[in-house]
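Participant: I have a structure here, written as structure tokens, and I will follow up with some questions on it.
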């Protein structure tokens, strides 16, 4: 029956819609019931809604039940007027419509002459008795009056209950968890057009704050007209012109002279920001043609707040590591011979490093030539003898954004609107490649959006809405500063015929290899280019038929993403202590854990999205509405225009590229479509909601519920599909023959990274790498064997389905006064088929332990999965990996195995009018999953072992935003009005518990040769200090609760089972408004962010192998106190 109902709804919607194409609503509806003084309904009453800014009118007539409805009205302020013979004219003023709102205006007609008028002023708000969507509309007053760090409307997202305090991964604006869904599950619209970046689904366009009329955040159980995302949807509506010229001009200033020092900063970082601009609109032709234009410029020099980076101490720079830290043993006869040559003593394979260097000092004469050549890039400590703080090296930004909107009102063709946006940004980041200067890069952005829309009233009960949108998001990053020295001068072997480094980037590229230890990293930034285009066409038709308000629509989007990245053109080294027991000693001796290098990475990815929907809002009674909806959609997995992508299928031989190793397959191979996994067209998402407003007026229930229309009870649920991130394809690119991502098969030498350190044997040299044309004879006959083992190969699982979420909620809303509203509810979500990454070719720990027991050489141990072992009888074993075998090193599937569960109690109290207005929101929640983000690694042999607290889970989250007009005019009535009037205070205050601490262990003691598996053992109670301000090394928890797992065993610690520091933050603003002339106002603002300079700590290190395990070394999303002053003229 359910399948038949879905099919009927879809077919019916498509028949009615015909060729029309679904829209993200940027309009609102007015509805109500007309009655006489006795409460009897009146049919045939003429109702008119007039926009006070443009004089545009819409007309409706009450039906036999006294009901009327206006469809698809532009947001704004309206006057609603009703006339009927024998009754006085009814007028309600200041009816404010917000985006996607169902605004109720019930009309009571009084007996009398039509020439008489009954005039009322609309309440500041009303309870929601029709819509069953959860969300919040942020109106212009909140947008412009609340102090926002950076003047971005997206900072207001977290004022709503159910929204996390901040993002945890820094993947771009708006990437924040909403109701337990992933941070990359949110959609962003501007004037209804899709402006989401397809890589991480962050907001690609953020208009000038003064140009925004309002924006709506829908967080749960949204209507069928919305899709593609399962988290939240944000729709920002920009201002339009009106019959009177109106607007504002502003300037916001910051200077570090007003700021405070951060907790880890040695000094206050440079901060000079100047944001200036205007937003103004008016008429071109009265009542017909309107314009609105805006500009904002930003000039910023920002030293930031320095995180303390642990660098080399003076002792470490002198080679004094400490004998207790040299817990490793010499691995391999070739490496033992190198050490013997350097030290001038006998060194044997398996000898303890504490015996090789019994004083704990590694003389400089023993250092690797590459260590000697690169140690100079590491600065000396400037804080506490072991930390480096970098606030003195600022990032410089020049940003210009423009917006232009034109509205044309025409009864014949419908109302037209066109919007254009441009943003050009140039950012010079002195710390792009390291936590200290010397590795700068410039990033250039040139974002654009064009939106054309038409709203046509076919008749009073039928409205059609059409929209076309184009968004372009290009970004380019290039390294800057002094040219890097040659590889040879830094101590690296280089040149043809060697096992050294040959650069694989653009012609003439010079760079310092990226070098990472457990504590820090540095290296030259590789150049990159990414250009995204989004084309979108939408159409919807709304129709009133009796009790039914129907809406049908369709939506088509085409996405392009072209990327040109240099990758790692001079390689990346990782030092983690796996050789000597100390990452610093490994660096000095030149014994990296691994080395990677890549060729140019070229990707031309595409995706298509299509949807159709039908929804019906059925008003069964004046106080009972049922909302039904069904959305069908397809979201194509990403493909490359030249099929330069791969999948992994054990045992399958490619037909397209027959020389490829078994298991590596390409689009066109049997069972492998161009999109790697099939595009599924059976994605039906039903939605249902019930809104009930009890009409008790007497007795206990009357007092409890406040009377008719004062309480609403809403129950809703539905299914919501989430599109696939382009990040899935980006991680796949660079696989031979269309690129090479080399990973050392065994731990290499530092100065000669294509030589196996333990044996001295060459691993082969793939660079320079020439990319053959896809499909060419050179590609078809490519010699893959030269590049074995293929490292870090990722393949999109060929049976993946579309991820989806299930929303459900029960909420009760109560109007406490004309302007105060209380909402309490249960909100839950499920996430299913979420994309995650897991190892495809793991090492076999049992085989490794067996090789150790049988005396194989070299000794099998951590990170030896790709080595060749020789048993005492001469038998050779080529690595320990499977099922793809020795042709592959570590490789990964991208599959739909992750899932999530979220349950919450959410409450909010809002006051919308008066001297004081506020919104207080509280969330008590628990989120659990086995993959909190796309590349959160799942345990490949048991997904349940990855199940833990969600990365973004917050147990308690309370936030209140407020605005208060200070009554100085009453307290000091004798003083001049210009002095005492117009004072106000605005602010945002948040108290929240912390995010979970992610544990991991990077030493491969599990002998599986992959990431996301190794965990320590829990051996005692967890000791959380609770005060990193006073604890030694700013410790949050003690390492004593954990111990290394046995070799070949996965530790028993859960990935996330306890929390880090919470948030205690106040943002305050003091405003003074002064009237300059009729209709003109000057506002002076003083604002402070983190007003009390309370250190908001980031989570401690969860890396068990790091010396900072359990310690906090940086602040979180909220920095030290910053102050700004501003002036704004409105007219």
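Just so you know, all these numbers are worked out from the coordinates, no wet-lab data involved. Note that this is a predicted model, so its numbers are computed, not measured. Methodologically, a virtual Cβ is constructed for each residue, glycine included, from the backbone with ideal geometry; neighbour enumeration extends over all protein chains shown.
Participant: Return the inverse of the average 1/r over all pairs of distinct C-alpha atoms in segment 860-960, which is the Kirkwood hydrodynamic radius, in Å to one decimal.
Facilitator: Mean inverse Cα-Cα distance, inverted, gives 18.4 Å.
Participant: Report the full-extension gain for the segment residue 285 to residue 1011: residue separation times 0.36 nm, less the Cα-Cα distance, to one decimal in nm.
Facilitator: Contour length minus Cα-Cα distance gives 254.9 nm.
Participant: Oh, and also: Classify segment 1052-1095 as rounded, prolate or oblate, taking a ≥ b ≥ c as the square roots of the eigenvalues of its Cα gyration tensor: rounded when a/c is under 1.5, otherwise prolate if a/b is larger than b/c and oblate if not.
Facilitator: prolate
Participant: Sorted by packing (mean other beta-carbon atoms within 10 Å per residue), highest first, where do 910-916, 283-289, 43-49 land? Before the final figure, lay out the partial values.
Facilitator: On the way: 910-916: 15.6, 283-289: 13.3, 43-49: 17.9.
The peptides rank, most packed first, as 43-49, 910-916, 283-289.
Participant: Using Stokes-Einstein with the Kirkwood hydrodynamic radius over Cα pairs, what translational diffusion coefficient do you get for segment 129-169 at 37 °C and a viscosity of 0.692 mPa s, in µm²/s rounded to a whole number?
Facilitator: So the translational diffusion coefficient is about 275 µm²/s.
Participant: Relative to the present Cα-Cα distance, how much length would full extension add between residue 425 and residue 531 at 0.36 nm per residue of separation?
Facilitator: Stretched fully, the residue 425-residue 531 segment lengthens by 36.7 nm.
Participant: I would also like to ask the following. Quick one: Kirkwood hydrodynamic radius for segment 543-694, alpha-carbon pairs, angstrom, one decimal?
Facilitator: Every distinct Cα pair counted, the radius reaches 21.1 Å.
Participant: Project the alpha carbons of segment 351-433 onto their principal axes and report the range along each, largest first, in whole Å.
Facilitator: Between the extreme Cα coordinates on each principal axis of segment 351-433 lie 92, 31, 23 Å.
Participant: Taking N as the number of residues in segment 328-473, what value does Rg over Cα atoms divided by 2.2 N^0.38 Å take? Could you put the intermediate results ahead of the total?
Facilitator: Details: Rg = 32.2 Å, N = 146, 2.2 N^0.38 = 14.6 Å.
That works out to 2.20 for segment 328-473.
Participant: Sum -39500 (n - 2.57) across every DSSP H segment of at least 4 residues in the chain, then divide by the residue count to get the 222 nm mean residue ellipticity, nearest 500.
Facilitator: Numbers: 13 runs with 88 residues, N = 1131.
Estimated from H runs of four or more residues: -2000 deg cm²/dmol.
Participant: Right, another one. Which log10 I(q)/I(0) values, to two decimals, does segment 257-389 give at q = 0.19 Å⁻¹ under the Debye formula with one point per Cα?
Facilitator: Log10 I(q)/I(0), no solvent term: -1.10.
Participant: Still on this structure, I have one more. Ignoring solvent entirely, what values of log10 I(q)/I(0) come out of the Debye formula for segment 474-538 at 0.22 Å⁻¹ when each Cα is a single scatterer?
Facilitator: -1.06
Participant: Okay, moving on. Can you tell me the relative contact order of segment 395-451? Whole percent, Cα pairs under 8 Å, sequence separation 6 or more.
Facilitator: Answer for segment 395-451 is 34 percent.
Participant: Based on alpha-carbon positions alone, could you give the equivalent ellipsoid semi-axes of segment 151-245 from the gyration tensor, as √(5λ), descending, whole Å?
Facilitator: Computed over segment 151-245, the values are 23, 15, 13 Å.
Participant: So, one more: Per residue Cα convex hull volume for segment 253-334, in cubic angstrom?
Facilitator: Considering the Cα atoms of segment 253-334, their hull volume per residue is 275 Å³.
Participant: Same structure, new question: Beta carbons within 10 angstrom, averaged per residue: use that to sort the peptides 1030-1037, 959-966, 974-981, 223-230, highest first.
Facilitator: 223-230, 959-966, 1030-1037, 974-981
Participant: Express in nm, to one decimal, how much length is gained between residue 762 and residue 343 on full extension, taking 0.36 nm for each residue of separation and deducting their alpha carbon distance.
Facilitator: 148.4 nm
Participant: What Kirkwood radius, in Å to one decimal, follows from the Cα pairs of segment 788-840?
Facilitator: 15.8
Participant: Based on a Kirkwood Rh over C-alpha pairs, give the Stokes-Einstein translational diffusion coefficient of the chain at 4 °C and viscosity 1.567 mPa s in µm²/s.
Facilitator: Value of D from the Cα-based Kirkwood radius: 40 µm²/s.
Participant: Once you have the Kirkwood Rh of segment 347-398 from its Cα pairs, apply Stokes-Einstein at 25 °C and 0.890 mPa s and quote D in µm²/s.
Facilitator: It diffuses with D of about 165 µm²/s by this estimate.
Participant: Also, quick follow-up: Treating the Cα atoms of segment 681-838 as identical point scatterers in vacuum, please give the log10 of the normalised Debye intensity I(q)/I(0) at q = 0.11, 0.12 Å⁻¹, two decimals.
Facilitator: The Cα Debye sum returns log10 ratios of -0.71, -0.76.
Participant: Take the Cα radius of gyration of segment 296-356 and divide it by 2.2 N^0.38 Å, with N its residue count; two decimals is plenty.
Facilitator: After normalising by residue count via 2.2 N^0.38 Å, the value is 2.01.
Participant: While we're looking at this one, here's another question. May I ask you to order 777-783, 525-531, 832-838 by the average number of other C-beta atoms within 10 Å around their residues, highest value first?
Facilitator: Result, highest mean Cβ count within 10 Å first: 832-838, 525-531, 777-783.
Participant: Taking every pair of Cα atoms in segment 601-685, average 1/r, invert it to obtain the Kirkwood radius, and report Rg/Rh to two decimals.
Facilitator: Numbers: Rg = 20.8 Å, Rh = 15.9 Å.
Rg divided by Rh gives 1.30.
Participant: Can you give me the relative contact order of segment 826-983 as a percent, contacts being Cα pairs under 8 Å and 6 or more apart?
Facilitator: Working: 316 pairs, mean separation 37.0, N = 158.
Relative CO of segment 826-983 lands at 23 percent.
Participant: Using only the Cα atoms of segment 209-277, what do you get for the radius of gyration and for Dmax, in Å?
Facilitator: Rg then Dmax for segment 209-277, in Å: 20.0, 55.
Participant: When only C-alpha pairs under 8 Å and at least 6 residues apart count, what is the relative contact order of segment 479-535, in percent?
Facilitator: With pairs under 8 Å counted, the relative contact order is 29 percent.
Participant: Based only on Cα atoms, what mean projected area does the convex hull of segment 922-996 have, in nm²? Please list the in-between numbers first.
Facilitator: Details: hull surface 30.7 nm².
Taking a quarter of the hull surface, the average projection is 7.7 nm².
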